[in-house]
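Peer 1: Questions regarding the structure given below will be posed in turn.
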Amino acid sequence: MKPNLFIIGAMKSGTSSLYEYLGSHPEIFMSPVKEPMHFSREELWSKGNLEYIELFKEVKNEKFIGEGSTEYSKLPYRPGVAERIHKFNPDSRIIYIMRNPFDRIVSQYKHMVRKEGEKNKLSDVILTGDYMSNSHYSYQIQPYINLFENVFIGTFEAMVSDPQKFCNDLFYWLGVAKYQIANIKKVYHASPKKIETIDKFTFLGKLHSIAENFPYRKILPYNIRKSIKKFAPKKIDFDFESKWFHEDIRFSRNICVDTLKMWTEELKEMTYKSYDEWDLN
């Protein structure tokens, strides 16, 4: 059973929520691993498809078999992905969901602070790495439009404003039955307002460190470790609602907004849509 449905991005544009919504439909099977990254990682692709196909061993008679790896739309850092997917299954359907390009950059920065330990200001890193290129939507989606007959392009803003309608449009495009999604208002992997860690210099903080280390982690019951973690004093490592961060956002916006406007015009010409929901003024 070959996968034939791919959520390719964009990163921090609601792909986790969309993955959950689609996976709840009885005619759609989504990989138990949300982001296998099989077609973007050379070390995985070079091993062949057997291990990848194993992810879908629980498929029964679903019409669509899918996954959602945002690395599939990270040019130029992950080249050749569209070609690999097309070679694997040329009849695949592609879903690309986008977000206000600057808001997406800010959300990616929050992700990098939380997950990768980014210490620099947004304004210092916004022109480095893939912050900008991930928001160059026309550039990212062009290879898929060139290769695949069925490419669905939507926006994060449309999904958030009416998630059920957004999914109904997707279900119609896929040719599956209408389906009312439970917990449709639930948001998955939303950016945090601040990052907190346990203060290791307090008594409960030190106790938490001990409780989570081997061999105590196996000896102490989960509920006790959970309670220690809950009541241990926290310290704020990064406050995304602070005045200085909002000032840095405004400064960062000035750095890149003209480029993002130009790229959005490219996208409008490519897709014949207005994207009025994106305020880039």
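The values are calculated or read from the model by the stated rules, or taken from the named source; none is laboratory data. None of the values given here were measured: they were computed from a predicted structure. In this analysis, Cβ positions are derived from the backbone assuming ideal geometry, glycine residues included, and neighbour counts consider all displayed protein chains. Heavy atoms of the whole protein, side chains included, go into the accessibility calculation; ligands, DNA and RNA do not. Shrake-Rupley method; radii C 1.70, N 1.55, O 1.52, S 1.80 Å.
Peer 1: Could you work out the mean projected area of the convex hull around the alpha carbons of the range 1-156, in square nanometres to one decimal?
Peer 2: Mean shadow area of the hull around the Cα atoms is 9.1 nm².
Peer 1: Where in the range 247-261 does the label zone of residue 111 land, with the point 7 angstrom along Cα→C-beta and an amide N cut-off under 15 Å?
Peer 2: Taking a point 7 Å out along Cα→Cβ of residue 111, no residue of the range 247-261 has its backbone N under 15 Å.
Peer 1: Let me ask something additional. If a helix is a whole DSSP H run, which ones in the chain reach 15 Å or further along their own axis (Cα) and hold a mean Kyte-Doolittle hydropathy of at least 0.5?
Peer 2: For the chain, where a helix must reach 15 Å along its axis and average at least 0.5, there are no hits.
Peer 1: Further question: So how exposed is residue 11, as accessible area in Å² (1.4 Å probe, rounded to 10)?
Peer 2: Near enough 20 Å² of accessible area.
Peer 1: Looking at the chain only, what percent of DSSP beta bridges run antiparallel? Nearest 5 please.
Peer 2: Counting DSSP beta bridges with both partners in the chain, the antiparallel share is about 25 percent.
Peer 1: Return, ordered by residue number, the residues of the range 131-153 whose backbone nitrogen is under 19 Å from a label point located 7 Å along Cα→Cβ of residue 169.
Peer 2: Counting only backbone N, you get 137-138, 141-142, 145, 150-153.
Peer 1: Quick one: if you stick a label point 7 Å off each Cα along the C-beta vector at residue 43 and residue 268, how many nm between them?
Peer 2: Here the modelled spin labels are 4.4 nm apart.
Peer 1: Tell me the Kirkwood hydrodynamic radius of the range 72-140 in angstroms, computed as one over the mean inverse distance between distinct C-alpha pairs.
Peer 2: 13.5 Å
Peer 1: Per DSSP H run of n ≥ 4, the term is -39500 (n - 2.57); total these for the chain, divide by its residue number, and report the mean residue ellipticity at 222 nm rounded to 500 deg cm²/dmol.
Peer 2: Mean residue ellipticity at 222 nm (helix-derived): -13000 deg cm²/dmol.
Peer 1: Over all distinct Cα pairs, what is the inverse of the mean 1/r for the range 127-281, reported as the Kirkwood hydrodynamic radius in Å?
Peer 2: Over the range 127-281, the inverse of the mean reciprocal pair distance is 20.5 Å.
Peer 1: Hey, what's the Kirkwood Rh for the range 10-55 if you take every pair of different alpha carbons, in angstrom?
Peer 2: This gives a value of 12.0 Å.
Peer 1: Any chance you could check the Cα centroid distance between the range 112-156 and the range 166-222 for me, in angstrom?
Peer 2: 24 Å
Peer 1: Using only protein heavy atoms and a 1.4 Å probe, report how much of residue 224 is accessible, in Å² to the nearest 10.
Peer 2: Roll a 1.4 Å probe over it and residue 224 shows about 80 Å².
Peer 1: While we're on this one: Checking the a/c ratio against 1.5 first, then a/b against b/c, what shape does the Cα gyration tensor give for the chain?
Peer 2: Judged from the Cα gyration tensor, the chain comes out oblate (a/c at least 1.5, b/c at or above a/b).
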